[in-house]
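Right, one structure below, let's go through it.
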Amino acid sequence: MENKQVANDTASSLTGRAGGESTLASKYSPAEVEGKWYQYWLDNKLFSSKPDGREPYTVVIPPPNVTGVLHMGHVLNETIQDILVRHARMEGKNACWVPGTDHASIATEAKVVNRLAEQGIKKADLTREEFLKHAWAWTEEHGGIILKQLRKLGCSCDWDRTAFTMDGPRSESVIKVFVDLYRKGLIYRGVRMVNWDPKALTALSDEEVIYKEEHTKLYYMKYYLADLEAPLSSSEGDTYAPSAANNGIEAPSGAVEGASMEGNIIHKDDRGYYAVVATTRPETIMGDVAMCINPKDPKNQWLKGRKVIVPVVGRVIPVIEDEYVDIEFGTGCLKVTPAHDVNDYMLGEKYNLEAIDIFNDDATLSERIATAQQKSLAETKVADEFIIRLDKYVGMERFACRKQIAEDMTAAGLMEKIEDYDNKIGCSERTGVPIEPKLSMQWFLKMQHFADIALDPVMNDDIQFYPAKYKNTYRHWLENIKDWCISRQLWWGHRIPAWYISPLPTSPRGGDYPWGKVIVAENEAEAYKLALETYPVLKTLEAPSGAVGEGATSFTLRQDEDALDTWFSSWLWPISLFDGIRNPGNEEISYYYPTADLVTGPDIIFFWVARMIMAGYEYEKKMPFRHVYFTGIVRDKLGRKMSKSLGNSPDPLDLIDRFGADGVRMGMMLSAPAGNDILFDESLCEQGRNFNNKIWNAFRLVKGWQVAEGEQPEAAKLATGWFAAKLRIAAEELADDFSKYRLSEALMTVYKLFWDEFSSWYLEMIKPAYVDGKQQPIDRATYDSTLQFFEILLKMMHPFMPFITEELWQALYERQPGESIMRAELHMEASTDYDRQLCAAVDELKEIVTNVRAVRSQKNIAPKEKLTLEVVDATDLRPLPEGGVEALKKMANLETVNVVSEKSKGSASFLIGTAEYAVPLGSLIDLDAERQKLESELQRLEGFLASIQKKLANERFVQNAPAAVVEMERKKQADAEQKIASIRETLASM
RNA sequence: GUCGGCAUAGCUCAGCUGGUUAGAGUAUCACCUUGACAUGGUGGGGGUCCUUGGUUCGAGUCCAAGUGUCGACACCA
């Protein structure tokens, strides 16, 4: 409490200060500053955007799940967006960052179901309306927490535009699009094999299935020949090839004519001949309707045309032949279960096989298995030894059943063997449970049309991907596109706008009436109208008493129960946010669309990115965004994915408390090279916080100075000229980094610019001296320049660190109410050749200073002790820029800088380029150490020279290399020779 | 299995169309409680640029093969 009071005073005393003595705390305290400025930005509507004459810069947020909480992945993603948005805003663009949340159909519904379960309520006991009431309550309770958290991070979203994928305008847009696509013939309904999530009880799209490696078993089961009368071979043994060489062991009689018995692998035991089928899912034998072999499989020729008995079940099934079967896998015998495997389904279609669905929706065993068994046993006589009554499995969970049936089969002698097997199992992305392929009636979107319109713009870089490698992934998906299953057996989501025409109890039945026909329309009234138009026969029916409205007739409409896949709303996001679906061509969509940059993870390139591109071209005839920046996955510093179970995922809000939002943002960006995974390390946030502190203290220094009118010192004149040049050059580097989305490099550029160039060099060069323990005032010109530089630096840093830069920007000069660094534009002049020369000259000065400091360090000379510097063998000080001598004296703490023809005895010398400098050390000199140092330098130079000479001695180099390169080598040679001579001379004189 | 990315200092990464004996940040070591900042200052050490071959006057950079690693996609009854 007390602490806070002090800090508040600090903050308020800061604002409006114009010079004078500093009472600022020596440590920057972000907690006292960040909330204040965020509120200020909100109060002054600084995030808000309206269409105007400026160039728009639009970003739509990848909407986080409405009930989600902020995690490190969000921090990365949103920080990048905020940096881009703030940068664009400061370029003078009309930046608009639209926030919002996603209803996340399946995830949210699962959460609501769980919560209801905790209260002892089952979803099945609720009506749709009741359930939705709970879901909305949950959404309102937890919804938007994440948006609040984004404010802590400093995100400059236009909050007035906050949208939700299930709010009014977005929902209407979704429905409109569904109807439109249906009418275009791109949406259809049909029974297909889909990915069924038995926990969520819904179908999923192919993209929602993730494959997991698992250690399972491969079960080898015996399928006995149904022709029990076939004569057994006279020989013993399980496996043999009945060739002449094998003592004429006979194959079972009745083989298909012409089938070669050569190389067959035949099994038999005392029950008879059998085929072996390998499967990972023995429980699915209950749905077996055929066995399939490859007609070209030499080891299974003997099975051609036969019938086999499904073990346990006792059903007699045919052996069919199809080249789909892999001869090499298992035994080459495939059991065909059309209801429970995608490929088997295809075989079933091809050979007109029955599909026996053995599971209930929750993947427990259905009663149907028992009924089917009874039916087939009634048709065929199968000995009891092959059969187990299936009643015992009814209601059993699928994995329990698998275990049980394997045990039972082993006990009954129906199992040949069981092997360990590594398998990849398709699991639900959301619930994690293994997917059950299931035949069901679903809605699909035809994708070929969309793939056709969405491929080229990415491949020819109308839409640019960063990094570009994801173009390949994108192309691969589009070139192998499959139809999109868009219906979900869920309630939380956009309900499919399809109605089925149903008779009333009083309605006549019969072929003329369209009972069960589907009508797709935006709402029920429309559907009603459309039904009557489409099926005029409905008009002939008498309206029951009490029916109202024109054309009211004796039928009813029953709406489809299913909801749409969440992504069916997300794919419209860049359009629906500006109401482009409901109001095509409105002012907002015309102005803000296409958006500029999309920042998202590569994991949703198909779910979302590709589909937005499709919708964009379908509905706006234009790309939805110009650039896509794919972030990496945030991992811990050991490279592991962040996960709750590992406990290696820090809470972003906790990090913000400890390091400040600016510090966390910086920590994140320091480790975030575009496109690579991010190895997040808390110590980077610490580095960020330290940088904030550095900025803060530089500010304390500058604002603590007394200003006096007076001559500008030579050193300061040089420093201000140099730093102005440095800023111009840095601005160009920054612009280049931004244009390539190299944000961590841009950050590193400003980091070094501020810390090294500004704080360590510039401020030290201009800092007024202390005389008699009192700091001297600074001259007006230098002070003014310094404040200007500081302001430019703050602007450059603002996108990365919005809070501290606002705090200091406000305090740097007198500001008007409502003004903000956010809206302060940063326009820099182009750098010149002169700038570069000046920087090179100052770099040389810096090198001299560094060398003198090194001499001090090596000789243990206190920084306070003044030294002399000799410029050896020069006629004057011309190599140094104007003011350079003064700057040198100040930075290296030199008494004098002398031009000498020969350096003093007992001095430490060094070379900068070809110029030699010496620091006389008198008795402090350690000649041996000095000699050693020079000799190692000499050795290095000689090696260097040798390599150059070798190059130049090579005729082909001199002939083939560009003249400029050869010239450069010659210069290097001359320089090296000169340096060597100079060192030799020194050594000789020692 | 197919395709793609990556491999450079202890760590994380730059290094662009080949052309100084390879750079940054961080870590580390030594020294420094100076008057903005010890969340600091100054200085130092640290590399077989994964391996092998090739192209070239010249390769961290281009090509090929291999190894390791990460990812996408496909199949696996």
Test each condition in (1) more than 16 Å from RNA strand B (Cβ to nearest atom); (2) part of a strand (DSSP E or B); (3) within 57 Å of the chain's Cα centre (by Cα) for A:Phe910 and report the one that comes out false.
-> (1)
Residue check, A:Leu747 within 16 Å of RNA strand B (Cβ to nearest atom), under 22 Å from A:Asp597 (Cα atoms) and crowded, with 21+ Cβ neighbours inside 10 Å | yes
Which of the residues spanning region A:606-661 are hydroxyl-bearing (Ser, Thr, Tyr) and assigned to a strand (DSSP E or B)?
-> A:Tyr629
Return yes when A:Asp784 is more than 10 Å from RNA strand B (Cβ to nearest atom) and of a type in the set (D, E, K, R) and no when it is not.
-> yes
Taking region A:318-372 only, how many residues are within 15 Å of RNA strand B (Cβ to nearest atom), assigned to a loop (DSSP other than H, G, I, E, B), more than 14 Å from A:Leu439 (Cα to Cα) and not aliphatic (A, V, I, L, M)?
-> 9
So is A:Thr896 in a strand (DSSP E or B), away from RNA strand B (no atom under 12 Å from the Cβ) and surrounded by fewer than 21 Cβ atoms within 10 Å (Cβ to Cβ) or not?
-> yes
Read through the list (1) touching a Pro at 6+ places or on another chain (Cβ under 8 Å); (2) under 30 Å from A:Phe789 (Cα atoms); (3) within 16 Å of RNA strand B (Cβ to nearest atom), then give the number of the only condition that A:Leu838 fails.
-> (3)
For region A:493-513, name all the residues that are part of a loop (DSSP other than H, G, I, E, B) and modelled with pLDDT under 95.
-> A:Leu504, A:Pro505, A:Thr506, A:Ser507, A:Pro508, A:Arg509, A:Gly510, A:Gly511, A:Asp512, A:Tyr513
Within region A:728-780, count every residue that is of a type outside the set (D, E, K, R) and either more than 30 Å from A:Thr631 (Cβ to Cβ) or touching a Phe, Trp or Tyr at 6+ places or on another chain (Cβ under 9 Å) (or both).
-> 25
Output the qualifying pairs, or none if there are none: Cβ atoms under 7 angstrom, residues six or more apart or on different chains, first residue in region A:836-858 and at pLDDT 90 or above, second residue within 7 Å of RNA strand B (Cβ to nearest atom) and among the charged types (D, E, K, R).
-> none
List every residue pair whose Cβ atoms sit under 9 Å apart, with the two residues 6 or more apart in sequence or on different chains, where the first one lies in region A:514-528 and is more than 16 Å from A:Pro503 (Cβ to Cβ) and at pLDDT 95 or above and the second, anywhere, is outside any loop (DSSP other than H, G, I, E, B) and basic (Lys, Arg).
-> A:Val520/A:Arg183; A:Ala521/A:Lys529; A:Glu522/A:Lys176
Here are some conditions: (1) modelled with pLDDT under 95; (2) of a type in the set (A, V, I, L, M, F, W, C); (3) within 15 Å of RNA strand B (Cβ to nearest atom). A:Phe699 meets all but one. Which one does it not meet?
-> (1)
Under the condition of being at pLDDT below 90 and among the aliphatic types (A, V, I, L, M), which residue from region A:210-227 is surrounded by the fewest Cβ atoms within 10 Å (Cβ to Cβ)?
-> A:Ile210
For region A:398-492, list the strands (runs of 3 or more DSSP E) that sit wholly inside it and hold at least 2 residues that are at pLDDT 95 or above and over 33 Å from the mean Cα position of the chain (by Cα); which are they?
-> none
Name the one entry in A:Lys767, A:Lys774, A:Lys703 that is over 17 Å from A:Asp835 (Cβ atoms) and free of Cβ contacts under 8 Å to residues at least 60 places away in the same chain.
-> A:Lys774
Of the residues that make up region A:630-641, is at least one closer than 23 Å to A:Val174 by Cα, β-branched (Val, Ile, Thr) and surrounded by 22 or more Cβ atoms within 10 Å (Cβ to Cβ)?
-> no
Just for region A:647-679: of the residues that are polar (S, T, N, Q) and either more than 22 Å from A:Pro602 (Cβ to Cβ) or touching a residue at least 60 places away in the same chain (Cβ under 8 Å) (or both), which one is farthest from RNA strand B (Cβ to nearest atom)?
-> A:Ser649
Please tell me if A:Glu930 is touching a residue at least 60 places away in the same chain (Cβ under 8 Å), out of contact with any helix residue (DSSP H, G or I) (no Cβ under 8 Å at 6 or more places or on another chain) and either in a loop (DSSP other than H, G, I, E, B) or over 27 Å from A:Pro713 (Cβ atoms) (or both).
-> yes
Is there a residue being in contact with a Ser or Thr (Cβ under 9 Å, 6 or more places away or on another chain), surrounded by 15 or more Cβ atoms within 10 Å (Cβ to Cβ) and within 18 Å of A:Ile83 (Cα to Cα) anywhere in region A:722-731?
-> yes
Counting only residues that are over 24 Å from A:Ala988 (Cβ atoms), more than 8 Å from RNA strand B (Cβ to nearest atom) and surrounded by 13 or more Cβ atoms within 10 Å (Cβ to Cβ), how many does region A:931-957 have?
-> 1
Extreme residue, nearest to A:Thr986 (Cα to Cα), among residues of region A:958-968 that are near RNA strand B (Cβ under 7 Å from one of its atoms) and loosely packed, with under 14 Cβ neighbours inside 10 Å = A:Met968
Those residues of region A:852-875 which are among the small types (Gly, Ala, Ser) and within 15 Å of RNA strand B (Cβ to nearest atom), in sequence order = A:Ala854, A:Ser857, A:Ala862
Identify all residues within region A:189-216 that are more than 13 Å from RNA strand B (Cβ to nearest atom) and basic (Lys, Arg); write none if there are none.
-> A:Arg189, A:Arg192, A:Lys199
Output for Cβ contacts, cut-off 7 Å, separation at least six or different chains, first residue basic (Lys, Arg) in region A:152-166, second in a helix (DSSP H, G or I), reads A:Lys152/A:Leu653; A:Lys152/A:Ile656; A:Lys152/A:Ala661
Odd one out for A:Ser683 among (1) assigned to a loop (DSSP other than H, G, I, E, B); (2) within 16 Å of RNA strand B (Cβ to nearest atom); (3) over 30 Å from A:Cys485 (Cβ atoms); (4) among the hydroxyl-bearing types (Ser, Thr, Tyr) = (1)
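The values are calculated or read from the model by the stated rules, or taken from the named source; none is laboratory data. Predicted model only: the values in this text are computed from it and were never measured. Every residue, glycine among them, receives a Cβ derived from its backbone with ideal geometry; neighbour counts consider all protein chains shown.
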